[in-house]
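The values are calculated or read from the model by the stated rules, or taken from the named source; none is laboratory data. Since the structure is predicted, the reported quantities are computational estimates derived from the model, not experimental observations. In this analysis, Cβ positions are derived from the backbone assuming ideal geometry, glycine residues included, and neighbour counts consider all displayed protein chains.
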Amino acid sequence: GEDVEQSLFLSVREGDSSVINCTYTDSSSTYLYWYKQEPGAGLQLLTYIFSNMDMKQDQRLTVLLNKKDKHLSLRIADTQTGDSAIYFCAESRSDYKLSFGAGTTVTVRA
Amino acid sequence: TAGITQAPTSQILAAGRSMTLRCTQDMRHNAMYWYRQDLGLGLRLIHYSNTAGTTGKGEVPDGYSVSRANTDDFPLTLASAVPSQTSVYFCASSETASNNSPLHFGNGTRLTVT
């Protein structure tokens, strides 16, 4: 959706960190989500952050939220080949529906 | 494994024909959704149902209809398919229609309208 923007492609070397960025427009969003889509599959929830938090860490994943700039990022530490996928950022709207970005295709190269 | 089952996995459909995409969940989730995924556009909401017996229109509802006769099933019907409906369709569910209730997705139906 046009309300959520993210870059379309990211190439990263195995073992490096990946950073996927996202901007959103609805300042009233209470939850922001990251979903992962592997080839031929549906989306799986990776992690989410509540809008009153600045950061959330979950094993190799770190989510940073800058609410003032409406900017969300997902950092994957020690990127592995299994991390190759499409990553979607999504914001919750006032009608409780999610608005998704176009997705960032992450390619991990050896 | 509990989750969402979509059928068929893929389909080629002639323009003007009708088709129903099936979606069943066994998690007893109240809310269900239909999205279409198109390259460069991400996921767009077609229709949703907050609870059995109710439905609502999403961002791109034209040309599609849904019904929610019970909790588990949420079929999506294309009455007269057009080539612009070529897409990958995902059914999703959430425990409730609220912001802190994550979506669970099926594996999708790839539809080609010729």
Fill in the blank from the handout: Among residues of segment B:32-59 being under 12 Å from the mean Cα position of the chain (by Cα) and of a type in the set (A, V, I, L, M, F, W, C), the residue nearest to A:Ile86 (Cα to Cα) is B:Leu43
Handout entry: Pairs, first over 21 Å from B:Val88 (Cβ atoms) and modelled with pLDDT of 95 or more in segment B:46-58, second among the β-branched types (Val, Ile, Thr) and outside any loop (DSSP other than H, G, I, E, B), C-beta under 8 Å, six or more apart
Key = B:Thr55/B:Val66
Fill in the blank from the handout: Here the qualifying pairs (Cβ atoms under 8 Å; residues six or more apart or on different chains; first in segment B:29-41 and facing chain A (nearest Cβ under 8 Å) and more than 21 Å from B:Leu78 (Cα to Cα); second modelled with pLDDT under 95 and assigned to a loop (DSSP other than H, G, I, E, B)) come out as B:Gly40/A:Leu8; B:Gly40/A:Ala102
Handout entry: Matching residues, segment A:86-110, being within 16 Å of the chain's Cα centre (by Cα), over 22 Å from B:Leu45 (Cβ atoms) and crowded, with 18+ Cβ neighbours inside 10 Å
Key = A:Val106
Exercise for the section: Determine which member of the set A:Leu45, A:Leu64 is touching a Pro at 6+ places or on another chain (Cβ under 9 Å) and either surrounded by fewer than 21 Cβ atoms within 10 Å (Cβ to Cβ) or not acidic (Asp, Glu) (or both). Expected result: A:Leu45
Completion exercise
Quick count over segment A:40-55, residues being in contact with a Leu (Cβ under 8 Å, 6 or more places away or on another chain) and within 14 Å of chain B (Cβ to nearest Cβ), is 8
